[in-house]
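A quick write-up on the structure given underneath.
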Protein chains: 4
Amino acid sequence: MTASAPSAQPGLHTPRWERRKESRPAELLAAALDLFVERGYAATRLDDVASRAGVSKGTLYLYFSNKEELFTAVVRENILPLLARFREGIERSDAEPAALLEGFFRAWWAHVGATRLSGIAKLIVSEAGNFPDVARFFHEEVIHPTGELLALVIRRGIECGDFRPLDVEAAAHVWMAPLVMKAISSHSIDSCCPLHEQMPPQRFLDTHVELVLAALRNPRR
Amino acid sequence: MTASAPSAQPGLHTPRWERRKESRPAELLAAALDLFVERGYAATRLDDVASRAGVSKGTLYLYFSNKEELFTAVVRENILPLLARFREGIERSDAEPAALLEGFFRAWWAHVGATRLSGIAKLIVSEAGNFPDVARFFHEEVIHPTGELLALVIRRGIECGDFRPLDVEAAAHVWMAPLVMKAISSHSIDSCCPLHEQMPPQRFLDTHVELVLAALRNPRR
Amino acid sequence: MTASAPSAQPGLHTPRWERRKESRPAELLAAALDLFVERGYAATRLDDVASRAGVSKGTLYLYFSNKEELFTAVVRENILPLLARFREGIERSDAEPAALLEGFFRAWWAHVGATRLSGIAKLIVSEAGNFPDVARFFHEEVIHPTGELLALVIRRGIECGDFRPLDVEAAAHVWMAPLVMKAISSHSIDSCCPLHEQMPPQRFLDTHVELVLAALRNPRR
Amino acid sequence: MTASAPSAQPGLHTPRWERRKESRPAELLAAALDLFVERGYAATRLDDVASRAGVSKGTLYLYFSNKEELFTAVVRENILPLLARFREGIERSDAEPAALLEGFFRAWWAHVGATRLSGIAKLIVSEAGNFPDVARFFHEEVIHPTGELLALVIRRGIECGDFRPLDVEAAAHVWMAPLVMKAISSHSIDSCCPLHEQMPPQRFLDTHVELVLAALRNPRR
DNA sequence: GATGAATGAGTCTTCATTCAT
DNA sequence: TATGAATGAAGACTCATTCAT
């Protein structure tokens, strides 16, 4: 709640609440995202979402008609904008295959893995059983296109002889996995364990990139 | 409420000799595992667990004092036996580094990824926020040791010159990730998507093994 | 809660000279009447009342201090004016008993049964349990006087020998009932049933009048 | 609640609750009927229904899946049995038309107007706007057949010359109205007014019968 | 005055847990 | 031991009422 205790200075007037129609939905979505990611859908109370957003429970219902719609809004509003920025960077690039591939992984981490989209990934993996439609949507709009983009990058490298031939589609799946796993872990097991036992994301990412490029090295050259 | 106070969680480290009598319905644990994995802890009703196990709700309480203890029992009872079998196979082997490494991944998939332990992994990733102790337990007893085992195998290959030198610890993390991710996906997004859009586990595994070995190839030979 | 404590109900007997300024939206009262009659007091949302009247919810509170006062105002404002017009017609008449009696029923239907007062009747019958004071007010100001007026008309006919003697007071009750029932039905069951299954009010009224006069026929003449 | 205060005699054991699967539904329906009739559907809290039936709120949901189903069950369970008994009496009779007609009214009052079906009538009239299906059901199963039965009785009397000809269908409507109105009033306005201002049902019924028979008298005889 | 965003008490409904049978 | 009826605390959602704009 925003300052409902009577202010000490009688002349000044602390309003019991403010009117902030424009910013409320975003604040609510942010609060909901945090809690859904941390606790899961069922274990998150709307009361907590509201109070974390600094409003009362009733206010939440002015913007979202029920808990489920809040959930889908959280997913919808977070996915597309972030994803768009990531893809732009890759598609515009004219770097060489190896550099492009490295750029892909580093950009994914920067624009997805290290952002709140990582929370969305954890959330959807956790809730797929309860929200199959959302999971399917996420697969079709995020996972699949991202995998295809990666496959494209690899395929280009093979075609120009920089990379050795291999099962491109499968490799794309295999190589997305560590990034996604690390993103999910950061909202899950990693956040439960002492820092010194965790693998720092940067070292993880560097190693991943190095291993991918090593695995692609063309022995003919 | 789901217990989030770490100290409140009943003993995960209960030694195995404290197992209750053999007659205790393992069906309850199996039913609970299925439902917890599919729906998550909070969204699973004990009524459903009981009826899936073919008993009444009251009976459940004869064996588990509450929902939380059922949860920890599900985790405890599933992890250690399966894990043990997996490690035995690796530790006893006297194969060459490359074969041993390949064997490691294939054995992990056979004894973990393709068994109900994969469900446990999904469950713990999902519930880490609500059960940090369980997550920590899982990290310490499963993830960390497995990673160390993998690191050991890699390190041996490097020492004898079969593999090129690299950041062994980081590589172990990176290379566990695809297996774990695939295991988790099989209980999550994969189960929501049409079969033809999924990557078959075998092809995924084969590719992973091939890519790992390629990345390890020692250019000096 | 709906007020059931008799003393809590704001003044129904507020004299008419206390009416607020003419500009007060009669639309609010009209909207409230419609909705209260159709749905009942508790099931009617002030939001709906306001939007039906074409104003915002807040505006409603400029004219009525709360829901209950709106309810009593709806009753108060509708009853007395309409009733007055009906009584005038009867009291002034110098027709013969039979014609006067027929006139009574037809005027009642025209000035009450076929007007929005019929809705008030339905509303009060429905809400008597929650607003006993309002029900009592209605009984004292409307039902009882109307019954006495009818009794007077009958009694006059008996005295001059046009009608046969009978239990006048009871007959007045019995003969008011069909009119009131029909009025109530028109806001209740009738409005739910296909038109062809309903008894048209005019035929109902004609028959009622005919039966009353037949029952009063003096066999001595 | 049934005796949850610890009993004074330590040796005796007062159970916190009893198992009464068989009788619960009827008790709940009876409590619900009372409250729905008195307050209406929306203003009735399930908590009150439950506690009037001597159980907790949760118990109610063991027998009725929600408030609406409780409402429809109240209507359904009360209507048909009572109605059946009333019709039997009329259909079997071989009395003369006048006696039969008188019997009809007196039986209706005894089996409907003076029983809890009178409450149902008030309830349905009040809630027709919110439950049009229930209102329609009531019209088709109760009001219409009853009206037809009455019409039949009148028609028989006309055919044998005991009654004078008239608009039978309309008369049936008109003559049912006082009975229904009195039944409804007994749960509404009558229960709010001092006894001495009410018309006693018996006097009302006697007068009604007398007036009906007078109106039917055949002048040709 | 008029508006409608914000509030929070109240009600329906669910479900982990208890306990009479 | 096994059952499932009963409980009651908790959480989703509504809506009368307030008040900043």
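None of the figures in this text is laboratory data; all of them are computed from the coordinates on show. Worth saying up front: this structure is predicted, and the values here are computed from it rather than measured. Note: ideal-geometry Cβ built from the backbone for every residue, glycine included; neighbour counts use all protein chains shown.
Phi angles across the stretch B:110-116 convert, under the Karplus curve 6.51 cos²θ - 1.76 cosθ + 1.60 with θ = phi - 60°, into 3J(HN,Hα) values of 5, 8, 10, x, 9, 10, 6 Hz, Gly and Pro given as x. Placing pseudo-labels 7 Å out from each Cα toward the beta carbon at D:Glu148 and B:Ser56 gives an inter-label distance of 4.7 nm.
A label point on C:Pro165, set 7 Å along the Cα-to-Cβ line, lies at 3.6, 12.2, 13.1 nm from each of its counterparts in the other copies, closest listed first.
Beyond 33 Å, what percent of the Cα pairs of chain A remain? Don't skip to the end; give the middle numbers.
Numbers: 7577 of 24310 pairs.
Result for the distance tail: 31 percent.
Note on A:Met199, A:Met176: ascending count of other Cβ atoms within 10 Å places them as A:Met199, A:Met176, the fewest first.
Between B:Leu80 and B:Leu166, what's the calculated FRET efficiency when r is the beta-carbon distance and R0 is 35 Å? Round to 0.05. Intermediate results must be reported in sequence, preceding the final value.
Numbers: r = 31 Å, r/R0 = 0.90.
That gives a FRET efficiency of 0.65.
Compared with the dominant Cα axis of chain D, that is its longest principal axis, helix D:24-39 is turned about 60°.
Lys and Arg at +1, Asp and Glu at -1: add these up for the other residues within a Cβ distance under 11 Å of C:Ala114 and post the number.
Taking every other residue near C:Ala114 into account, the sum is +3.
Calculated [222 nm] ellipticity per residue, helices only, for chain B: -19500 deg cm²/dmol; basis is -39500 (n - 2.57) per DSSP H run with n ≥ 4, divided by all residues, nearest 500. Loop-located trypsin sites (Lys or Arg not before Pro) in the stretch D:155-184 (DSSP state not H, G, I, E or B) with no more than 14 neighbouring Cβ atoms inside 10 Å do not occur.
The phi torsions of the stretch D:78-87, fed into the Karplus equation with coefficients 6.51, -1.76 and 1.60 and a -60° offset, translate into couplings of 8, 5, 4, x, 5, 4, 4, 4, 4, 5 Hz, rounded to whole numbers, with Gly and Pro shown as x.
For A:Phe163, the residues whose amide H sits under 5 Å from its own are A:Ile158, ignoring neighbours fewer than 5 places away on the same chain, with H placed 1.01 Å from N.
Please state the charge dipole magnitude for the protein assembly as shown, taken about the Cα centre, from unit charges on C-beta atoms (+1 on K and R, -1 on D and E), reported in debye and rounded to the nearest 20.
Values: 104 positive and 112 negative charges, 122 e Å.
Using Cβ point charges on Lys, Arg, Asp and Glu, the protein assembly as shown gives about 580 debye.
Maximal additional length on extending the C:Arg217-C:Arg203 stretch stands at 2.9 nm, based on 0.36 nm per residue less the C-alpha distance.
Comparing A:Leu166, A:Pro194, A:Val125 along the charge dipole axis of chain A, the residue lying farthest to the positive side is A:Pro194, per the Cβ-charge model.
Taking Cα pairs under 8 Å and at least six residues apart, what relative contact order does chain B come out at, in percent?
Values: 181 pairs, mean separation 50.8, N = 221.
About 23 percent, as a whole number.
Answer with one residue from A:Leu101, A:Leu211, A:Ala135: the one whose Cα lies farthest towards the positive end of the charge dipole of the stretch A:79-216, charges on Cβ with Lys, Arg +1 and Asp, Glu -1. After comparing all options, I get A:Ala135. Rounded to whole numbers, the Karplus 3J(HN,Hα) couplings from phi for the stretch D:135-150 are 4, 4, 4, 5, 4, 6, 8, 10, 5, 4, x, 5, x, 5, 4, 4 Hz, using 6.51 cos²θ - 1.76 cosθ + 1.60 with θ = phi - 60°, and x at Gly and Pro.
With label points defined 7 Å past Cα in the direction of Cβ, position B:Ala95 shows copy-to-copy spacings of 3.6, 10.0, 11.0 nm, given to one decimal and shortest first.
Here is how far apart the B:Gln202 label points are across copies: 4.4, 8.5, 9.2 nm, shortest first, using a point 7 Å from Cα toward Cβ. Sparsely packed loop sites in the stretch D:98-196 (the GluC sites (Glu not before Pro) outside DSSP H, G, I, E and B with at most 13 other Cβ atoms within 10 Å) do not occur. Residues of the stretch D:40-54 with an amide N closer than 20 Å to a point placed 7 Å from the Cα of C:Asn66 along the Cα-to-Cβ direction: D:40, D:42-45.
For B:Arg106 and B:His196, the FRET efficiency from 1/(1 + (r/R0)^6), where r spans their Cβ atoms and R0 equals 22 Å, is about 0.30. Taking Lys and Arg as +1 and Asp and Glu as -1, the other residues whose beta-carbon sits under 13 Å from that of C:Phe131 total -1.
C:Glu102 sits among other residues whose Cβ lies under 13 Å from its own Cβ, and their net charge, with Lys and Arg +1 and Asp and Glu -1, is -3. Sorted fewest first by neighbouring Cβ atoms within 10 angstrom, A:His111, A:His173 come out as A:His111, A:His173.
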